[in-house]
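Let me begin by presenting the structure, written as structure tokens, before commenting on it.
The values are calculated or read from the model by the stated rules, or taken from the named source; none is laboratory data. Owing to the predicted nature of the structure, the values given are computational and were not obtained by experimental measurement. Here the Cβ positions follow ideal geometry from the backbone for every residue, glycine too, while neighbour counts run over all protein chains shown. Heads up: the accessible areas ignore ligands, DNA and RNA and are worked out on the full protein's heavy atoms, side chains in. Shrake-Rupley method; radii C 1.70, N 1.55, O 1.52, S 1.80 Å.
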Amino acid sequence: AANITKDTPDPPGGVIERDSTGEPTGILTDNAMELIDAVLPTPSAAAVDASFEEVLEACAARGLTGVHDLAALPGDLDYYASKDAAGALTLRLHVFRDAAEHGSPPPLPWANESALVRCRGAKFFADGAMGSWSAAMLEPYSDRNTTGTLVYNLTALTEGVETWAAAGYQVASHAIGDAANRQVLDAYEAAGVTPGNRWRVEHAQIIAPSDLPRFAALGVLPSMQPSHVASDLGYADARLGPRANLSYAWRALKNTSLNLDALPLGSDFPTAGSIPVLLGFHAAVTRCRPDNTPAGGWHPEEKLSPLEALRGY
């Protein structure tokens, strides 16, 4: 239905993976996924309700009383408001709009804000993921000759940040690769970030040594997910080589002059696939998979103490 062929060009900020003959393999990364999204049928209201109720039940079963939705699409907040009005919400929702999916920033304060649902932020996506080689790197990956994908150029990202910040939104940006983290920090700096803005870098997963102190210098929050270590450690060294030494660098960041009592930690569910907070807590303290491998932890110098992990969550 999407009619993706050998002749279909890669869209800006995305890649159509191809085989040795140039034929599409069926794998689309980042903005290329929009080629499929455009032809997917809209789910029925009943299907949306069933999925939402399943998530609420799963969160309640694990003791969660509040979550952050960091990529709300147009219409999502109205849906949340309708469930709130019907008395169907069982947790608090702190919502960030997906900046790219909104033509311009809707006005704040959001008209339907309540004790359970509020919208204060907007999120940008600067790159992809390390698992698909689409996280944007300063130098090629060690196991594939690519530097990944930057979704924006610096000018466009800076202008977007300035526009949403001027409308009163707290800004967050997904950045995994070291090139993406540098670009986001550059954009924030160009946009005049101050510590009071509490602008965030989501993941801050691979950081060049020269960029490590910039989080503290600019007052930018590195919002990190320890469970990613447990899921990625099996291939991260092969993919990153020596750059793995400053990947998921919780201790290195904490040891800068970052003026935080705790690193902000999260789960990244449902993207990361699991809700239980204790899995992330275990990874933060051990740098291991749930089965306690590898022995001693992966790059154990970056472990957090139990108290630091607890404060982060």
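Here are some notes:
- For segment 1-104, the helices (runs of 4 or more DSSP H) that sit wholly inside it and include 1 or more residues that are at pLDDT 90 or above and over 28 Å from residue 171 (Cβ atoms) are 45-61, 76-85.
- Hits in segment 282-313 - residues which are open to solvent by 70 Å² or more (accessible area, probe 1.4 Å) and more than 17 Å from residue 231 (Cβ to Cβ): 295, 301, 306, 307, 310, 311, 313
- Residues satisfying the stated conditions in segment 64-77, i.e. out of contact with any Asp or Glu (no Cβ under 8 Å at 6 or more places or on another chain), closer than 21 Å to residue 124 by Cα, open to solvent by less than 90 Å² (accessible area, probe 1.4 Å) and of a type outside the set (A, V, I, L, M, F, W, C): 75
- The residue pairs whose first member lies in segment 50-79 and is more than 11 Å from residue 95 (Cβ to Cβ), whose second member is assigned to a strand (DSSP E or B) and open to solvent by 60 Å² or more (accessible area, probe 1.4 Å), and whose beta carbons are closer than 6 Å, counting only pairs six or more residues apart or on different chains, are 66/92.
- Selection within segment 265-288: residues that are in contact with a Gly (Cβ under 8 Å, 6 or more places away or on another chain) and in a loop (DSSP other than H, G, I, E, B). The member of this set that is nearest to residue 195 (Cα to Cα) is 266.
- Residue selection: residue 240 satisfies the criterion of being of a type in the set (A, V, I, L, M, F, W, C) and more than 24 Å from residue 306 (Cβ to Cβ).
- Pairs with Cβ under 8 Å, 6+ apart, first in segment 107-134 and touching a residue at least 60 places away in the same chain (Cβ under 8 Å) and part of a strand (DSSP E or B), second among the acidic types (Asp, Glu) and open to solvent by less than 10 Å² (accessible area, probe 1.4 Å): 123/202
- Test result for residue 297, at positive phi, in a loop (DSSP other than H, G, I, E, B) and at pLDDT 95 or above: yes
- Some residue of segment 49-63 being under 24 Å from residue 126 (Cβ atoms) and of a type in the set (Gly, Ala, Ser): no
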